[in-house]
Amino acid sequence: MTAGNMERIVLARHIVGAPSPEDFRLEVLPIPELAEGQLLIANRFISCDPGTRSRLSPGASYAPPLQPGQLVDGFAVGEVVESRHPKFAPGELVMGTGWATHMVSNGRGYLAKVPDLDVPLSLWNGILGVPGMTAWFGLKRVAQMQAGERVLVTSAAGPVGATAGQLAKIWGASNVTGIAGGVEKCRWLVEECGFDAALDYKAADFDAQFAAASADGWDVLFDNVGNASVDRALPVMRMKGRIVISGQVADYNLTPAEAPGIHNTREFIGKRLRMEGMVVFDDMPGFPAAQAELAGMIRAGQVKYREEIFDGLASLPAAFSGLFTGQSFGRRLIRV
């Protein structure tokens, strides 16, 4: 049995408003003995996911809220270092969960082996993990995007949005426009990722930019931001347009009473619009085929990505909190 200690990050208190490092606590514990049917994983990369925020306040989200003292169960990729499980062997790489240096698993839940697809390991906790699969199945299953359609992506410089926009172009969208914050992000989307246009929501003339870009309407809105973003787009959706609710980064820190409402609902009737939320774990059976195809696009240089890598588990609370202040540009990962 591997001896020694493990570190983990737990929720110190339920969060009100924007998260801060003080909302979390680092604990040091002995690595436990394995029971029959368990395996020990040494995490190599742990991700910062905006969606984790929805479980850190008392109210229930699509998953039950965490309680103070509980491990934060964000996504991770690591190596099996010991196993008493028949399906996992030491040395194998796996995708799993947990804000911890080590995790003990019974092999169930979100745990899958990392196939050898000749890409960096960190990508399995990013563009080939939950963010990339959210983009893939959000377009394919939820939006049912067709070639020739016009696609608008919000929070477009984030790992979900940037992947969604690039896939939309590859799959034949006639126009893909992103909304992002800042000149550098907008330039990257157009010059590196192949977006047709990128609108800077921080610009003084953003409303005029949005109106001009939306003159021909949108068949698909891939939204990662929240209610105000959806409400803005409803009047410029095309007939039978589809709205994918992927995330709500602008609303996660608000109570239901504080979150803005959606007012332009009559557009749903006249234009026969459809809006659908997604939890990508519904699509897990399709992950391996999608990951293999997406990895090929990455190797061929068709799909670009950015990463921000921080070192050490102790850096995780501050890196996560920074997601909600506009600091991040790319997939935020902690190298353990």
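Tabulated results
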| quantity | calculated |
| --- | --- |
| Any chance Ala42 is under 18 Å from Arg84 (Cα atoms) and exposed (fewer than 12 other Cβ atoms within 10 Å of the Cβ) | no |
| Any hit, the range 138-150, residues being in a strand (DSSP E or B) and either out of contact with any Pro (no Cβ under 8 Å at 6 or more places or on another chain) or of a type in the set (Phe, Trp, Tyr) (or both) | yes |
| Candidates Leu294, Leu316 - the one that is open to solvent by less than 50 Å² (accessible area, probe 1.4 Å) and in contact with a strand residue (DSSP E or B) (Cβ under 7 Å, 6 or more places away or on another chain) | Leu316 |
| Long-range neighbours under 6 Å by Cβ, at least six apart or interchain, first residue farther than 16 Å from Ala180 by Cβ within the range 211-235, second open to solvent by less than 20 Å² (accessible area, probe 1.4 Å) and assigned to a helix (DSSP H, G or I) | Val220/Ala143 |
| Selection from the range 87-102 of residues that are buried (at least 16 other Cβ atoms within 10 Å of the Cβ) and aliphatic (A, V, I, L, M) | Leu93, Val94, Met95, Ala100 |
| Some residue of the range 234-251 being more than 24 Å from Val142 (Cα to Cα) and not aromatic (Phe, Trp, Tyr) | no |
| The range 75-86, residues that are open to solvent by less than 50 Å² (accessible area, probe 1.4 Å), farther than 20 Å from Arg335 by Cα and not polar (S, T, N, Q) | Glu82, His85 |
| Listing of helices (runs of 4 or more DSSP H) fully contained in the range 160-261 that carry 3 or more residues being exposed (fewer than 14 other Cβ atoms within 10 Å of the Cβ) | 183-191, 206-213 |
| Residue that is surrounded by the most Cβ atoms within 10 Å (Cβ to Cβ) [pool: residues in the range 12-39 that are in contact with a helix residue (DSSP H, G or I) (Cβ under 7 Å, 6 or more places away or on another chain) and in a strand (DSSP E or B)] | Phe24 |
| Some residue of the range 144-161 being under 16 Å from Asp219 (Cβ atoms), of a type in the set (Ser, Thr, Tyr) and touching a Ser or Thr at 6+ places or on another chain (Cβ under 7 Å) | yes |
| Filter result (among the small types (Gly, Ala, Ser) and out of contact with any strand residue (DSSP E or B) (no Cβ under 6 Å at 6 or more places or on another chain)) within the range 212-245 | Ala212, Ser214, Ala215, Gly226, Ala228 |
| Unmet requirement for Asp311, which otherwise passes all of (1) over 30 Å from Thr101 (Cβ atoms); (2) among the acidic types (Asp, Glu); (3) exposed (fewer than 14 other Cβ atoms within 10 Å of the Cβ) | (1) |
| Answer from Val72, Val119 - the residue that is surrounded by fewer than 21 Cβ atoms within 10 Å (Cβ to Cβ) and not charged (D, E, K, R) | Val119 |
| Residues of the range 147-182 satisfying the condition of being of a type in the set (S, T, N, Q) and in contact (Cβ under 8 Å) with a residue 60 or more places away in the chain | Thr154, Ser155, Thr163, Gln166 |
| Members of the range 285-336 that are farther than 24 Å from Cys186 by Cα, of a type in the set (S, T, N, Q) and touching a Ser or Thr at 6+ places or on another chain (Cβ under 8 Å) | none |
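A quick yes/no check of all residues on (1) under 22 Å from the mean Cα position of the chain (by Cα); (2) of a type outside the set (A, V, I, L, M, F, W, C):
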{"site": "Ala213", "(1), (2)": "no, no"}
{"site": "Ala233", "(1), (2)": "yes, no"}
{"site": "Val244", "(1), (2)": "yes, no"}
{"site": "Asn264", "(1), (2)": "no, yes"}
{"site": "Glu267", "(1), (2)": "no, yes"}
{"site": "Leu273", "(1), (2)": "no, no"}
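The values are calculated or read from the model by the stated rules, or taken from the named source; none is laboratory data. A quick note: this is a predicted structure, and the numbers were derived from the prediction, not measured. Here Cβ is always computed from backbone atoms with ideal geometry, including for glycine, and neighbour counts include all displayed protein chains. With ligands, DNA and RNA removed, areas are computed over all heavy atoms of the protein, side chains included. Shrake-Rupley method; radii C 1.70, N 1.55, O 1.52, S 1.80 Å.
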